[in-house]
Amino acid sequence: MVFVGVIVAVAAVVAGIEVIAQNSSSASLAFFGHQVPGVHTESQVFIVGIIVAFFAGGGLAMSWLSLLRRMRVRRELQDLREDRQETMAALVRKNQQLERELARARGGAPSATATGEVPVPPRPRREAPVSPGPRRDREPVSPFFDNPA
């Protein structure tokens, strides 16, 4: 968009310079060697000048607004990246804190933190049930298959 705006503004300036260079009288308008039809009075030449100036200003405005938008988007993207990095750092710190608390809880060290948190007691270990029958590699499908024949 910036490029298009600059092109429009440059084209309007070139057209204005060409009109000034080609016209010797104030009541006719020549553009690149050709007479512009319908322009015969000084007021009409003035109106055409206003139109050319409008296009030049529009092209510059388009370029300026496009640059402002690009800068805003770039700034927002940078802010989002910084927020993401801060969030990730906070999550890593929280994860490390939770891992330390879990290690303390599993190690059986009963130490409460300064904030008054209650330590989590370690889980009791469950022993595998002892079965009186022969050991099988897979679970039985029904009680019918539990009894050896």
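Read-outs: derived from the displayed coordinates by stated rules, not from any lab. Keep in mind it's a predicted model, so treat the numbers as computed, not measured.
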Worksheet item: For Val36, which sequence-distant residues (separation of 5 or more, or a different chain) have an amide H within less than 5 Å of its own amide H, given hydrogens modelled in the peptide plane?
Response: Leu29, Ala30, Phe31
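Could you work out how much longer the chain between Ser66 and Arg100 gets when fully extended? Use 0.36 nm per residue separation minus the Cα distance between them, nm to one decimal.
Details: separation 34, 0.36 × 34 = 12.24 nm, distance 5.10 nm.
Taking 0.36 nm per residue and subtracting the Cα distance, the gain is 7.1 nm.
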Discussion item. Full-extension gain between Phe3 and Ile50, please, as 0.36 nm times their residue separation minus the C-alpha to C-alpha distance.
Written reply: 14.6 nm
